[in-house]
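Q: What follows is a structure written as structure tokens; I'll ask about it next.
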Amino acid sequence: MIKCIATDMDGTLLNSFQMVSRENKAAILKAQAQGIEVVVATGRSYQEVRFVLDEANIVCPVICVNGAEVRTKEGEIISADPIEKQTAKKAAEKLMEKDVYFEVYTNQGTYSLDPDKAVSILVDIVVSANPDINPEEVIQRAEERTRKGLVHQIESYDLLFNDEKHQIYKLLAFAKDSDRREAAEASLEELTELAVSSSGHDNLEITNRRAQKGIALEKFVKAKGIDLSATMAMGDSFNDVSMLERVGRAVAMGNADDEIKSICDVITATNDEHGVAKAILEVL
């Protein structure tokens, strides 16, 4: 019997319009009404998660920033695994050496040196998960991300690295040039304290090695007295692999990469066909 359900956001819970469908919301509420713990596990910051979940009026715990931070349904921080500041600086230097743009995710929010590129990085994530969508529609939604203060412009990342109030959760790098991106990824291999994954065709998600969705989910269910074998996880991308490999029931979205589908127990419908709702209703 499934006692916990974990769902990714982009390309999974969210449709191509970056919204939670009525069908997905209804299935989540039904699961919660039956006493099943539902948790969102995403690469997004908590502020970005709440922006979307508040629109849908969904209340649940959240595993944020690929597992770097876990929050209760009330928004209280349960645990955090930031990147050590000196390691974050070294990673930033390596990305800059390769001329790769990146954003910095902290406990205070998301920061960018270039708001226009901040739009591009979200467009890449959304279009990678929804290849048939009109990019112009995604751009409008991504620009809203900046207008509503979900991404803050900053003059230098050193202001974050040298400020004790900021814990560094993630560097989200973006480069359409595959040679530069692959060179940056190879360079980052020297920093063994880090984990590098991806949520889009052109990005790299860089976190503390302990900050992975699967590790965070394992700790979360253990604290709830739930076994991983009684947990279902749903995802579509490579930053979902660590949780899909651990749970008793791994569900790949119909729009997921074939490599993701190959490691899962079940393949559900696409995110535009309410695949999350279908997968949830199958286990209730």
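The values are calculated or read from the model by the stated rules, or taken from the named source; none is laboratory data. Every value quoted in this text rests on a predicted model; they were computed, and no experiment measured them. All Cβ positions, glycine included, derive from the backbone under ideal geometry; neighbour counts span all protein chains shown. Please note that ligands, DNA and RNA were not included when accessible areas were found on the heavy atoms of the full protein model with its side chains. Shrake-Rupley method; radii C 1.70, N 1.55, O 1.52, S 1.80 Å.
Q: State, to one decimal in nm, how far the label point of E143 lies from the label point of K117, with both points 7 Å from Cα in the Cβ direction.
A: Spacing of the two 7 Å Cα→Cβ label points: 2.0 nm.
Q: Let me ask something additional. Could you grab the relative contact order for the range 1-74? Cα pairs under 8 Å, six or more apart, rounded to a whole percent.
A: 30
Q: Here is a further query. Calculate, for A223 and R50, the FRET efficiency according to 1/(1 + (r/R0)^6) with r their C-beta to C-beta distance and R0 25 Å; round to the nearest 0.05.
A: Calculated value: 0.70.
Q: What's the extension gain from V266 to I78 if we count 0.36 nm per residue and subtract their Cα-Cα distance?
A: Result for the pair: 64.6 nm of gain on full extension.
Q: Give the cross-link partners of K90 among the aspartates and glutamates, using a straight C-alpha distance below 18 Å as the criterion and excluding same-chain residues fewer than 8 apart.
A: Leaving aside aspartates and glutamates fewer than 8 places away in the same chain, those within reach of K90 are D81, D99, E103, D158, D163, E164, E182, E185, E189, E190, E193, E205.
Q: Right, something else. Could you work out the longest stretch of the chain that avoids the GluC sites (Glu not before Pro) located in DSSP loops with at most 11 other Cβ atoms within 10 Å?
A: The answer is 191-284.
Q: Could you check the spin-label model distance between D132 and E189? Points 7 Å from the Cα along Cα→Cβ, value in nm.
A: Distance between label points: 3.8 nm.
Q: Given the -39500 (n - 2.57) contribution per DSSP H run of 4+ residues, what per-residue ellipticity at 222 nm results for the chain, rounded to the nearest 500 deg cm²/dmol?
A: Taking each H run of at least 4 residues, the total per residue is -11000 deg cm²/dmol.
Q: Could you give the distance between the Cα centres of the range 167-196 and the range 244-284, to the whole Å?
A: A separation of 28 Å, based on Cα centres.
Q: Which percent of Cα pairs goes in each bin when the distances of the range 11-64 are cut into 5 angstrom slices starting at zero?
A: 4, 19, 33, 29, 13, 3
Q: Additional query: Work out the charge dipole of the range 117-253 with +1 on the Cβ of Lys and Arg and -1 on the Cβ of Asp and Glu about the Cα centre, then indicate which of Q153, V221, P131 is farthest towards its positive end.
A: V221
Q: Sorted from largest down, give the three principal axis spans of the alpha carbons of the range 1-138, whole angstrom values.
A: Taking the Cα atoms of the range 1-138, the three principal extents are 52, 38, 24 Å.
Q: With a probe of 1.4 Å, find how much accessible area the range 237-279 has per residue, and write the answer as a whole number in Å².
A: Per residue, the range 237-279 has 41 Å² of solvent-accessible surface.
Q: Roughly how many debye, to the nearest 20, is the charge dipole of the chain about its Cα centre, given +1 on each Lys and Arg Cβ, -1 on each Asp and Glu Cβ, and no other charges?
A: Charge dipole, the chain, about its Cα centre: 1100 debye, nearest 20.
Q: Taking a 25 Å limit on the Cα-Cα distance, which of the listed pairs K98/K170; K25/K176; K3/K73; K94/K170 fall beyond it?
A: K25/K176
Q: Given a cut-off of under 8 Å on Cα pairs at least six residues apart, what relative contact order in percent is computed for the chain?
A: 24 percent.
Q: With a 10 Å cut-off between alpha carbons and a GNM built on the chain, which of N208, N57, N130 moves the most?
A: Among N208, N57, N130, the largest GNM mean-square fluctuation belongs to N57.
Q: Ok, one more. Can you compute the modelled spin-label distance between Q86 and K30, with each label point 7 Å from Cα toward Cβ, in nm?
A: So the label points at Q86 and K30 sit 5.4 nm apart.
Q: Taking every Cα atom in the chain, find the radius of gyration and the maximum pairwise distance Dmax, and write them in Å.
A: 17.6, 52
Q: Would you mind working out the magnitude of the charge dipole of the range 17-88 relative to its Cα centre, with +1 at each Lys and Arg C-beta and -1 at each Asp and Glu C-beta, to the nearest 20 Debye?
A: 200
Q: List the residues, sorted by chain then number, that are 5 or more residues from N208 or on another chain and whose placed amide H is less than 5 Å from its amide H.
A: Distant-sequence amide H within range of N208: I83, A195.
Q: Which percent of Cα-Cα pairs in the range 218-284 sits in each 10 Å bin, short to long?
A: 23, 51, 24, 2
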